[in-house]
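Step one of this worksheet: look at the structure below.
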Amino acid sequence: MITLASLNSMPAAQFVTALQGIYEHSPWVAEGVTQQRPFASVAALHAAMAAAVAVAGSEAQWTLILAHPELAGRAAVRGELTRESASEQQGAGLSACTPAQFERLQQLNAEYGRRFAMPFILAVKGHTPDTVIAQLEARLTHDAESERRTALAQIDRIARFRLEELVQEDPGEQVLARADELARHSDAPDGLTCAYLTAAHQATAAQIRDYMLAAGLAVHIDDAGNVVGRLAAADPAARTLITGSHYDTVSNAGRYDGRLGVLLPIAVAAQLRRHRQVLNCHLEIIAFAEEEGLRFQSTFLGSSAVAGAFDGRVLEATDRDGISMRQAMAAANLDPARIPAIARRGAEVAAFIEIHIEQGPVLLDAGRAVGVVTGIAGSRRSLVEVTGLAGHAGTVPMHLRRDAAAGAAQIVLQVESRCAAEPGLVGTVGQLQVPGGATNVIPGRCLLSIDLRSVDDAQRLRAATDIDAAIEDIARQRGLSVTQRVVLDAPAVPCTPALQAQLAASIRRVTGSEPLHLPSGAGHDAMMMARLTDVGMLFLRCGNGGISHHPAEALDAADARIAGEVFLDFLLHYKAR
Ligand SMILES: [Zn+2]
């Protein structure tokens, strides 16, 4: 391996030599980017090389395509492959085909050559001889132009895998660069929006799959759209430690919410493999397909499938365009009938650990890179309708009014003061409307929402009771009628004390300082996974004042590096209960 820093500083000729194996027999690609150094990440280096190929013109692209060997072809048999090609073909089992597979490959290769006058090109990482044969058969049905584009796209992937194999970069910088790279796949032209099973969502899944493959994981995408990467323990009977988070986003999102909990474990898994360190349990990294509920209001879909709590009714939910989730899944080649089979058995799972950006200012305020989550707050969400009497703003004297908005304002202040009275309790009125209101009309009706949260269920219930009583008083005093509809009432999910202790011990070992414990006010996949197994969470400091669900969400590479060290330490010391 070679470090990114040394690639950035070595003489140009040496740089070209170092990268000679990345594009098959085509040093001109590396030559074309020497002047663009320094590169901030492997992703940036790859993007520059890919751009050099893209602008090279069709003649150079054809030469590049034709420089590739056939898969399990004559060059392979004669031992004439480049070192990179030989190890890739061997990794996919192509050097150990059965005679029948070998014969079929020769037959298909020949047919492909006759049809397209080029070698069949496929990034074979994660493939087996049978899946290579299936790909060959499928691509024989393409037209020539789309097949030329497919070949170039596969060359692009091959180059990336080779770069990831060759170049070592700082894990913290890698996580940030990859979050930027993923954020380019968006449903909206500006900003990051990635809703369940859109084109951007599927491209994101494919990219995460490639990151996992590059890290040496065995990868599959399940029928909920979760991307699952597995690093096996030495003992096949070992239990599985699951980590992960979601890769869908809210509208106009930050780029670390969810994705951080996928990218950081991938970086750690790559380190484990590089140092040939074996864990005493299987490690599964799951990029959950859906948590935010943006498209179908179907929160925690990915983790509910894994936890065995998938609610099939959500399949009939429709998006803004009237497309049902069932239809969207069919279009993405996912089979909802197979979702129940995704559920893990509790006995086989050791625990679930979620790494997530804090989405708040506590760690930032305390000057800490990471913190141990004590639990995920329970919450009650309700919609309140206040009804008074509309009237003319000029003619009704103040003492004869039944102003719904003034009553609502008093409710807002009541929620604020009640929740401020106890640490650990938070209350928010996020929606407040005077429907059909006008500047010269006394509000006859007002709608508001109340969101109450605490990690302590008893505390939340006490606050809810007090606030409900206060609302009744306000209504009586003002001659208003008030109805309240509770739309969500979810208990708190405590993080397992033994996992908190192990995460804390890792933070102590890595940072040398006493770990900070903090509750999570936001819901996370760990809430759903708690139905299956013990859960623990590690929070990372959120920059920019702690802002999240917003493009200004920020993460420091140094914090990501520390979190990676903490998670690696945790895995190496992990003891299942
Ligand atoms: Zn999240």
Task: Qualifying position, being more than 14 Å from the chain's Cα centre (by Cα), crowded, with 18+ Cβ neighbours inside 10 Å and either away from the ligand (no atom under 16 Å from the Cβ) or not polar (S, T, N, Q) (or both), among 319, 311 - done: 319
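Residues are listed down the side, and each one gets a yes or a no for (1) free of Cβ contacts under 8 Å to residues at least 12 places away in the same chain; (2) open to solvent by 20 Å² or more (accessible area, probe 1.4 Å); (3) within 20 Å of residue 357 (Cβ to Cβ):
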position	(1), (2), (3)
494	no, yes, no
506	no, no, yes
516	no, yes, yes
523	no, yes, yes
TODO: Would you mind listing the strands (runs of 3 or more DSSP E) fully within the range 171-290 where at least 2 residues are within 15 Å of the ligand (Cβ to nearest atom) and buried (at least 21 other Cβ atoms within 10 Å of the Cβ)?
DONE: 240-246, 282-288
Task: Number of positions in the range 398-422 that are under 17 Å from residue 379 (Cβ atoms) and outside any helix (DSSP H, G or I) - done: 1
TODO: Among the residues of the range 380-395, write down those that are part of a strand (DSSP E or B) and in contact with a Pro (Cβ under 9 Å, 6 or more places away or on another chain).
DONE: 386
Open item on the list: If I go through the range 351-361 residue by residue, how many of them are open to solvent by 10 Å² or more (accessible area, probe 1.4 Å) and either of a type in the set (Lys, Arg) or away from the ligand (no atom under 16 Å from the Cβ) (or both)?
Closed with: 1
TODO: Of all residues in the range 1-41, count the ones that are open to solvent by less than 60 Å² (accessible area, probe 1.4 Å) and more than 20 Å from residue 85 (Cβ to Cβ).
DONE: 13
TODO: Give the range 448-482 a look and list any residue that's open to solvent by 50 Å² or more (accessible area, probe 1.4 Å) and either touching an Asp or Glu at 6+ places or on another chain (Cβ under 7 Å) or in a strand (DSSP E or B) (or both), or say none.
DONE: 453, 481
Open item on the list: Can you pull out every residue in the range 366-379 that is in contact (Cβ under 8 Å) with a residue 60 or more places away in the chain and open to solvent by 40 Å² or more (accessible area, probe 1.4 Å)?
Closed with: 366, 368, 374
Open item on the list: Tell me whether the range 381-390 contains one or more residues that are at pLDDT below 95, closer than 30 Å to residue 543 by Cα and among the basic types (Lys, Arg).
Closed with: yes
Task: Condition check for residue 332: among the small types (Gly, Ala, Ser), in contact (Cβ under 8 Å) with a residue 40 or more places away in the chain and away from the ligand (no atom under 16 Å from the Cβ) - done: yes
Open item on the list: Restricting to the range 89-124, name every residue that is touching a Lys or Arg at 6+ places or on another chain (Cβ under 8 Å), assigned to a helix (DSSP H, G or I) and modelled with pLDDT under 90.
Closed with: 91
Open item on the list: Among (1) closer than 30 Å to residue 241 by Cβ; (2) open to solvent by less than 20 Å² (accessible area, probe 1.4 Å), there is one condition residue 345 misses while meeting the rest; what is its number?
Closed with: (2)
Open item on the list: List the residue pairs whose Cβ atoms are under 9 Å apart, where the first residue sits in the range 241-256 and is at positive phi, the second is near the ligand (Cβ under 9 Å from one of its atoms) and assigned to a loop (DSSP other than H, G, I, E, B), and the two are 6 or more positions apart or on different chains.
Closed with: 252/549
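The values are calculated or read from the model by the stated rules, or taken from the named source; none is laboratory data. Being a predicted model, the structure only gives us computed values, none of them experimental. FYI the Cβ positions are ideal-geometry reconstructions off the backbone, even for glycines, and counts take in every protein chain you see. Ligands, DNA and RNA are excluded from the accessible area calculation, which covers all protein heavy atoms including side chains. Shrake-Rupley method; radii C 1.70, N 1.55, O 1.52, S 1.80 Å.
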